[in-house]
Amino acid sequence: MKRRNSWLENCGSLLLIIVMWTAVPADAAPLNVLATTGMIADVAANVGGDLVSMTALMGPGVDPHLYQATAGDVGRMRKADIILYNGLHLEAGIQKVLEKMDEKAVAVTDDIPREKLLPWENTYDPHVWMDPSLWKIVVGTIRDILSARDPEHADTYRQQAAAYLEQLEDLNAHVSAQIASIPEARRTLITAHDAFNYFSQAYDIEVRALMGISTETEAGTKDVQDLAAFIAETRVKAMFIESSVPEKYVKAVQKAVEQKGFDVQIGGELFSDAMGEEGTPEGTYIGMITHNADTIARALK
Ligand SMILES: [Zn+2]
């Protein structure tokens with residue numbers, strides 16, 4: 001009797017496994033999506049929800065201009081269903097690896113009309129996430145990429161993208177109000193590298209940086225002296241460090257300004273090319289841009 005029961009139980013388990021196998025088709029597994037930066041991964045996670053399993057190659061504090069792929073990264077790229085990267089030469093160090101991944105690797109900035117981009121060398125300034133109205137175009141692109149790969153859930157992607165786009169509207173209004181609250185004469189943003197040109201254009205604030213659009217070229221003594229002279233002359237209250245750039249650059253400028261007889265404050269840390277730690281408010285795209293606007297307004301007012 002005991003023996004018979006156990007046979008029946010086994011039979012039942014087997015049946016259950018067969019039922020589950022047929023009820024959950026293999027294609028219901030979440031899409032394996034790999035993004036280069038946290039900002040792109042955050043958009044895809046919001047648009048994809050439970051339907052995607054997201055991984056970001058570059059974590060908090062990582063500089064995408066200088067990032068080099070590890071052997072593990074190449075393996076992750078091969079296994080991914082979709083690879084989302086910024087493009088416009090942001091990921092300079094992994095461009096060649098991305099090109100080898102063929103059509104499953106997509107630049108999320110591809111749909112932004114070129115006339116909305118700021119020219120830079122042979123391409124365009126890649127820091128488009130600094131303007132939420134441009135980042136909204138990227139949300140649409142990611143929605144379309146996910147829908148094309150998984151058409152069965154296109155409605156869900158559309159709804160989730162629409163909800164996220166509404167949040168970006170609110171973000172834009174908040175940043176506008178914060179920057180507009182700084183008296184116009186004090187609206188100058190000084191950072192380590194030139195990541196804020198789209199922010200400047202969107203919110204009417206002048207920007208100056210020690211290094212160029214990319215951190216691939218280090219700042220020289222002349223760059224430090226020129227920026228220090230500008231700060232001492234215009235008496236800008238504060239300059240800002242960036243989470244993905246060593247703070248020694250901004251500290252060097254601060255010291256050079258001091259030698260010219262003026263004290264410039266460090267207004268805080270901004271998240272330019274990477275989000276903050278996971279689990280903190282700055283660990284999301286909306287949180288990082290909100291933090292930047294709040295920090296800039298607080299220091300310059
Ligand atoms: Zn940058």
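FYI, it's all coordinate maths here, none of it is from the lab. In this text the structure is predicted, and so the values were computed from the model without any measurement. Glycine also receives a Cβ, built like all others from the backbone with ideal geometry; neighbour counts cover every protein chain displayed.
Quick notes on this structure:
- Computed from Cα positions, the angle between helix 132-149 and the longest principal axis of the chain comes to roughly 20 degrees.
- Dipole of the chain [Lys/Arg +1, Asp/Glu -1 at C-beta], most positive-end residue of ALA293, LEU57, ILE40: LEU57
- For region 119-171, GluC sites (Glu not before Pro) meeting the loop criterion (DSSP other than H, G, I, E, B) and having at most 14 other Cβ atoms within 10 Å: GLU121.
- 16 Å Cα-Cα reach of LYS100 towards lysines, excluding residues that sit fewer than 8 places from it in its own chain: LYS79
- Antiparallel DSSP beta bridges within the chain, as percent of all bridges there, nearest 5: 10 percent
- Diffusion coefficient of region 177-300 by Stokes-Einstein, Kirkwood radius over Cα pairs, 37 °C, 0.692 mPa s: 225 µm²/s.
- Per DSSP, loop GluC sites (Glu not before Pro) in region 203-301 with at most 15 further Cβ within 10 Å: GLU216, GLU218, GLU247, GLU277, GLU278
- Per-residue extension of 0.36 nm, minus the Cα-Cα distance of LYS301 and ALA29, leaves a gain of 92.9 nm for this segment.
- Nearest-20 debye value, region 26-173 charge dipole, Cβ charges on Lys, Arg, Asp, Glu: 380 debye
- Listed residues SER147, ALA232, SER181: farthest to the positive end of the dipole of the chain (Cβ charges): SER147
- For a straight C-alpha distance cut-off of 18 angstrom, the aspartates and glutamates reachable from LYS104 (same-chain residues fewer than eight places away being disregarded) are ASP27, ASP73, ASP81, GLU91, ASP144, ASP150.
- Overall, the chain carries a charge dipole of about 700 debye about its Cα centre when +1 sits on the Cβ of Lys and Arg and -1 on the Cβ of Asp and Glu, all other atoms neutral.
- If you count Lys pairs in region 134-277 whose Cα atoms are under 29 Å apart, skipping same-chain pairs closer than 8 places in sequence, the total is 11.
- Against the main long axis of the alpha-carbon atoms of the chain, helix 221-234 sits at an angle near 70°.
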